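The values are calculated or read from the model by the stated rules, or taken from the named source; none is laboratory data. None of these values were measured; they are calculated from a predicted model. All Cβ positions, glycine included, derive from the backbone under ideal geometry; neighbour counts span all protein chains shown.
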Amino acid sequence: MGIPARMGSSRFPGKPLKEILGKSMIQRIFENVEGASRSTFTFVATCDEEIESHLAEFKIPTLLTSKDINRPGQRVAEACKNLDLSPNDIVIVVQGDEPLVTAAMVDAVIELIINSQEDKFIVNLCAPATHDQLHDPNEVKVVLDKLDHAMYFSRSPIPSNFHIESPSSTWRQVCIFGFRWEFMQYFYDELDATPLEKHESIELLRALESGIKVRMLPIYEETKSVDTYEDLIEVEKILRDRP
């Protein structure tokens, strides 16, 4: 399981090392998910020695990657090339700005991959979107088909409210997703970034444009991605309010 992190976020520079109730965000995420019962090794994939040095204080495994990578999954894929993985091994990507994710969420993704009969596919989590999240361009929204496969991802509100006949569910991406290692290498090494992926800046659109299924797994636990300083303050409030 890899957690991609970099200091150069355009929306919130340096956010992996921002403190949330006394711990850096990246340390908190690692501690949240490392206890996943189905995972055997958890690491942070980063291009920044500043992050590597910080995590070394807590003996958190770190793998350095190229600074030229701007997709989280690709950063983890590059790091995994330094590991002795078998083609059928499962690689989970946990985005480095999701400080409320849990080990149980990771286990749920792994379990679905293990039980799937498909070969080339990706599993991704999603959660109900509030009105504010639906209209927040930092939140990635997703539309599902009847089998819970992704039909489209967007930073805009989808489905639209124009000509609405009957309201439907609205979903947002929770950025934990997974592949079999052999397919992950194919996805990042053989497939080029696609037009819609570059238009929306959402890497899983590469899958949809290439005819690859993305199986969405709905969850209902409270999560919150941190894209701004205001998001960080909101996460701190959520954590303080928890028992």
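Assorted remarks:
- Scanning the range 224-243 for residues that are in contact with an Asp or Glu (Cβ under 8 Å, 6 or more places away or on another chain) and closer than 18 Å to Arg11 by Cβ yields a total of 4.
- Of all residues in the range 181-239, those that are of a type in the set (A, V, I, L, M), touching a strand residue (DSSP E or B) at 6+ places or on another chain (Cβ under 9 Å) and touching a residue at least 60 places away in the same chain (Cβ under 8 Å) total 13.
- In the range 15-48, the residues that are exposed (fewer than 14 other Cβ atoms within 10 Å of the Cβ), within 17 Å of Ser225 (Cα to Cα) and without any contact (Cβ under 8 Å) to a residue 60 or more places away in the chain: Glu19
- Count of the range 123-132 residues which are closer than 13 Å to Ser169 by Cα and outside any strand (DSSP E or B): 3
- Scanning the range 111-126 for residues that are surrounded by fewer than 19 Cβ atoms within 10 Å (Cβ to Cβ) and in contact with a strand residue (DSSP E or B) (Cβ under 6 Å, 6 or more places away or on another chain) yields one hit, Leu112.
- Which listed residue is among the aliphatic types (A, V, I, L, M) and under 16 Å from the mean Cα position of the chain (by Cα), from Ile60, Ile26, Ile51: Ile26
- Condition check for Pro99: in contact with a Lys or Arg (Cβ under 7 Å, 6 or more places away or on another chain), buried (at least 19 other Cβ atoms within 10 Å of the Cβ) and under 26 Å from Leu239 (Cα atoms): yes
- Search result, residues across the range 8-23 that are under 17 Å from the mean Cα position of the chain (by Cα) and either at pLDDT 95 or above or not in a loop (DSSP other than H, G, I, E, B) (or both): Lys15, Pro16
Every residue, every condition in (1) over 18 Å from Pro16 (Cα atoms); (2) touching a Ser or Thr at 6+ places or on another chain (Cβ under 6 Å); (3) of a type in the set (Phe, Trp, Tyr), yes or no:
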residue: Lys198; (1), (2), (3): yes, no, no
residue: Glu203; (1), (2), (3): yes, no, no
residue: Arg206; (1), (2), (3): yes, yes, no
residue: Ile212; (1), (2), (3): yes, no, no
residue: Arg215; (1), (2), (3): yes, no, no
residue: Tyr220; (1), (2), (3): yes, no, yes
residue: Asp227; (1), (2), (3): no, no, no
residue: Glu230; (1), (2), (3): no, no, no
residue: Ile238; (1), (2), (3): yes, no, no
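- Selection status of Ile122, more than 30 Å from Asn88 (Cβ to Cβ) and not aromatic (Phe, Trp, Tyr): no
- The range 150-165, residues that are more than 15 Å from Ser201 (Cα to Cα), touching a strand residue (DSSP E or B) at 6+ places or on another chain (Cβ under 9 Å) and surrounded by fewer than 15 Cβ atoms within 10 Å (Cβ to Cβ): Met151
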